[in-house]
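The values are calculated or read from the model by the stated rules, or taken from the named source; none is laboratory data. These numbers come from a predicted model, not from an experiment. Neighbour counts are summed over all protein chains in view; Cβ atoms, including those assigned to glycine, are modelled from backbone coordinates with ideal geometry. These area figures cover heavy atoms from the full protein model, side chains too; ligands, DNA and RNA do not enter into them. Shrake-Rupley method; radii C 1.70, N 1.55, O 1.52, S 1.80 Å.
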Amino acid sequence: DNNGILTKSNAIPISVYLEANRPPQIGIISPSSGTRAIAPATVIMTANASDLDGNVTRVEFYSNGGFIGLGALTGSNQYSFTWSGVPDGNYNLTASAKDDKGAYSVSDPVTFIVDTTALFVTGSSNLTAADLAVKTRLQNLGFTVTVKDHSTAVRGDATGKSVVVISSTASANVLTST
């Protein structure tokens, strides 16, 4: 005090609690799990990301564990990335979010399948044993097969197909006129 008198009191414990940084929350909203596309595919990936005790500073997108792109803010808590030229295959897509205090989290994965397609032109809509064997082989190789009778097939049927197979049962005269 002002008179130089000291008084000692009993110790009082004081606790200081620091609130831990909560990691951001993130979830992919598009594409939905199990979505299929045709190769070469363009996939618009969209994720919602938020942080309860700060700000999301970065959103990244991954395919099968490998970085494929950085998300751009496209709406309130919404980030998007367009992945172009995606080849055939099965993909596990994830997104990660990082906050302003360094915490990060990873979304649950969604599966995305890119198919290759084949056009198989045959002599008849009733497949012969040989035509059926060719169709089955293409499917076993991972192709989604469209079968067209040579009398109904047109050039446009081949657009976007990875492979076009013309059976020996198809008539060359019919094919050249369509």
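The figures follow:
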quantity: Restricting the range 139-161 to residues that are charged (D, E, K, R) and either open to solvent by less than 80 Å² (accessible area, probe 1.4 Å) or closer than 14 Å to G123 by Cα (or both), the residue that is nearest to the chain's Cα centre (by Cα); calculated: K161
quantity: Leading residue by the ranking (farthest from the chain's Cα centre (by Cα)) among those in the range 79-99 that are open to solvent by less than 60 Å² (accessible area, probe 1.4 Å) and touching a residue at least 60 places away in the same chain (Cβ under 8 Å); calculated: D99
quantity: Matching residues in the range 64-78 - criterion: being polar (S, T, N, Q) and free of Cβ contacts under 8 Å to residues at least 24 places away in the same chain; calculated: S76
quantity: Residue among S76, S63 that is modelled with pLDDT of 90 or more and open to solvent by less than 30 Å² (accessible area, probe 1.4 Å); calculated: S63
quantity: Filter pass, V134 being part of a strand (DSSP E or B) and either within 26 Å of the chain's Cα centre (by Cα) or without any contact (Cβ under 8 Å) to a residue 60 or more places away in the chain (or both); calculated: no
quantity: Residue check, V121 open to solvent by less than 20 Å² (accessible area, probe 1.4 Å) and under 30 Å from G54 (Cβ atoms); calculated: no
quantity: Pick from the range 102-118, criterion touching a Lys or Arg at 6+ places or on another chain (Cβ under 9 Å) and open to solvent by 30 Å² or more (accessible area, probe 1.4 Å), ranking: nearest to T159 (Cα to Cα); calculated: I113
quantity: Count of residues meeting criterion [without any contact (Cβ under 8 Å) to a residue 60 or more places away in the chain and surrounded by 10 or more Cβ atoms within 10 Å (Cβ to Cβ)] in the range 1-34; calculated: 2
